[in-house]
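Take a look at the structure below.
The values are calculated or read from the model by the stated rules, or taken from the named source; none is laboratory data. Remember, predicted model here, so these are calculated numbers, not experimental data. Here the Cβ is made from the backbone with ideal geometry for all residues, glycine too, and neighbour counts use every protein chain on show. Accessible surface is based on the protein model in full, side chains and every heavy atom, while ligands, DNA and RNA are left aside. Shrake-Rupley method; radii C 1.70, N 1.55, O 1.52, S 1.80 Å.
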Amino acid sequence: MKNKYAFILTITVICSLLLSLVSEVLKERQSKNIAIDRKKNILSAVGVDISKFSILDIDQYFIDNIDTLIITTEGSVVNNISIESLFEKENSQTGEIKYFDQKEEEFLPIYTEKASKAIILPVSGKGLWGSLYGYFALDADNFSTVKGITFYKHKETPGLGAEISEKWFQSNFIGKEIYGNDVLTSINVTKAGLADKSALHEVDGISGATITSNGVTDLLKRDLKRYEPYFIKNKK
Amino acid sequence: MKNKKTFIDPLVDNNPITRQVLGICSALAVTVKVEQALVMTFALTFVLVMSNVSVSLLRKYIPSSIRIIVQLTIISTLVTLIDQFLKAYMYDISKPMSVFIALIITNCIVMGRADAYAMQNNVKDSFLDGFGNALGYGIILVLVAFFRELLGFGTIFDIKILPDFLNNGLMLLAPGAFIILGLIIWAQRSITNFVEE
């Protein structure tokens with residue numbers, strides 16, 4: 001072909017058509033994968049053993065046991081909004097995720113689990129290399145006893161900060177309390193090996209990953225604070 | 001005979017990683033686990049073979065003044081395609097790797113073969129050359145990943161082999177990959193007596 005402009009135009013058009021076609025065909029499957037992945041993480045935050053679950057089992061368990069609540073920043077439950085209609089906005093400085101509806105009004109999502117009577121909150125914040133995203137599960141009666149924590153996405157160093165997604169680190173949180181004398185004290189991730197095992201508000205951090213550990217402390221403190229109005233309203 | 005050489009040569013004697021020292025970035029990034037290395041090899045094989053074939057098909061029509069742009073367009077299209085497929089069909093594996101799959105676009109092996117080989121040779125030879133180079137890359141990737149996973153996690157394909165206390169955190173970081181890669185290159189060069197000019 002003589003004309004290079006015509007040539008590059010043809011190539012570009014063919015390539016873009018191909019890409020749009022493939023992306024359109026695969027879109028449904030991909031968003032399904034992302035949704036399943038979220039569900040898996042929500043379930044593992046409350047300690048459901050999902051290692052033998054098929055995708056169908058996860059969907060079914062979700063339908064049977066998990067309800068999604070949307071609350072206002074003042075802590076009242078809103079019934080006419082679904083989580084699908086909210087969009088997420090991440091603060092790139094702090095890693096904090098906020099949920100807004102079309103009118104830019106802020107809402108907060110809560111998942112409730114019937115079998116173990118837990119509520120599950122999405123949490124996120126800055127680690128060392130990027131944001132940490134996870135779920136934090138609390139007892140649904142006193143909103144204080146920790147049922148579990150998971151991190152499903154992070155960019156921390158393998159073997160160091162990435163240990164936050166390991167069982168030994170996460171299981172330290174189970175049974176701790178975020179309330180002390182009716183004050184929201186959250187949970188403090190200390191330096192490795194310094195946490196008092198019997199203390200209710202602290203867990204051991206990861207050696208060599210102080211910034212990641214501090215990130216977990218900060219994100220819990222901040223995100224739990226956002227849900228405090230709901231805790232106060234619904235506490236038994 | 002020539003076909004065989006086109007295919008066999010890049011496996012060992014002219015290996016893109018150990019001999020030409022190309023594609024090092026991904027050899028460091030995705031070699032923490034053998035499984036990831038295999039997926040990366042699969043993705044790179046697809047991209048390299050398809051880009052070599054397409055460039056070779058078009059080689060008589062590509063105006064030489066814009067050949068790099070054309071090659072880059074083809075390569076990035078292929079990389080985006082494989083990334084989309086992995087996200088749809090192998091989500092759990094692709095999740096931690098997605099960024100490295102996207103970076104195949106900048107892998108010097110792909111552009112190097114397209115410009116240095118596929119632009120001058122017919123489709124069949126370009127196919128073999130792409131396949132050989134991708135496998136040569138894959139062999140080293142899997143080899144490095146084997147040692148890193150074994151010494152770093154004590155596992156192979158997530159199956160426990162060595163006890164936990166032998167785990168070496170250094171192997172999971174980039175320096176671990178450098179050390180193993182260096183040892184492999186050293187071993188190969190002392191066997192073949194190859195000296196850099």
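Just a few scattered comments:
- Subset of the stretch B:28-61 that is at pLDDT 90 or above and among the β-branched types (Val, Ile, Thr) - its residue that is nearest to the chain's Cα centre (by Cα): B:41
- Lone unmet requirement of (1) at pLDDT below 90; (2) open to solvent by 10 Å² or more (accessible area, probe 1.4 Å); (3) within 11 Å of chain A (Cβ to nearest Cβ) for residue B:83: (1)
- Residues that are free of Cβ contacts under 8 Å to residues at least 24 places away in the same chain, of a type in the set (Ser, Thr, Tyr) and in a helix (DSSP H, G or I) within the stretch A:22-73 comprise A:23, A:31, A:61, listed in sequence order.
- Residue, most open to solvent (accessible area, probe 1.4 Å), within the stretch A:160-194, restricted to residues that are free of Cβ contacts under 8 Å to residues at least 12 places away in the same chain and over 17 Å from the mean Cα position of the chain (by Cα): A:181
- Candidates B:139, B:101, B:105: the one that is closer than 21 Å to residue B:62 by Cα, within 15 Å of the chain's Cα centre (by Cα) and in a helix (DSSP H, G or I) is B:105.
- The residues of the stretch A:103-139 that are open to solvent by 30 Å² or more (accessible area, probe 1.4 Å) and not in a strand (DSSP E or B), listed by number, are A:103, A:104, A:105, A:114, A:115, A:116, A:117, A:128, A:129.
Quick grid of which residues meet (1) open to solvent by 50 Å² or more (accessible area, probe 1.4 Å); (2) on the phi < 0 side of the Ramachandran plot; (3) more than 10 Å from every other protein chain (Cβ to nearest Cβ):
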position: A:4; (1), (2), (3): yes, yes, no
position: A:29; (1), (2), (3): yes, yes, no
position: A:48; (1), (2), (3): no, yes, yes
position: A:54; (1), (2), (3): yes, yes, yes
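- As a summary of the residue check, residue A:7 satisfies the conditions (1) in contact with a Pro (Cβ under 7 Å, 6 or more places away or on another chain); (2) under 30 Å from residue A:221 (Cβ atoms) except for the one numbered (2).
- A count restricted to the stretch B:1-27 and to residues that are outside any loop (DSSP other than H, G, I, E, B) and under 11 Å from the mean Cα position of the chain (by Cα) stands at 4.
- Within the option set A:187, A:164, A:232, A:206, being closer than 24 Å to residue A:68 by Cβ and β-branched (Val, Ile, Thr) holds for one residue only, A:232.
- Count of the stretch B:57-80 residues which are surrounded by fewer than 21 Cβ atoms within 10 Å (Cβ to Cβ) and within 7 Å of another protein chain (Cβ to nearest Cβ): 7
- Boolean, residue A:140 is over 14 Å from the mean Cα position of the chain (by Cα) and within 14 Å of chain B (Cβ to nearest Cβ): no
- Residues of the stretch B:1-54 satisfying the condition of being small (Gly, Ala, Ser), open to solvent by 10 Å² or more (accessible area, probe 1.4 Å) and farther than 25 Å from residue B:119 by Cβ: B:29
- Among the residues making up the stretch B:165-190, those that are under 18 Å from residue B:16 (Cβ atoms) and either loosely packed, with under 12 Cβ neighbours inside 10 Å or aromatic (Phe, Trp, Tyr) (or both) are B:178, B:182, B:186, B:187.
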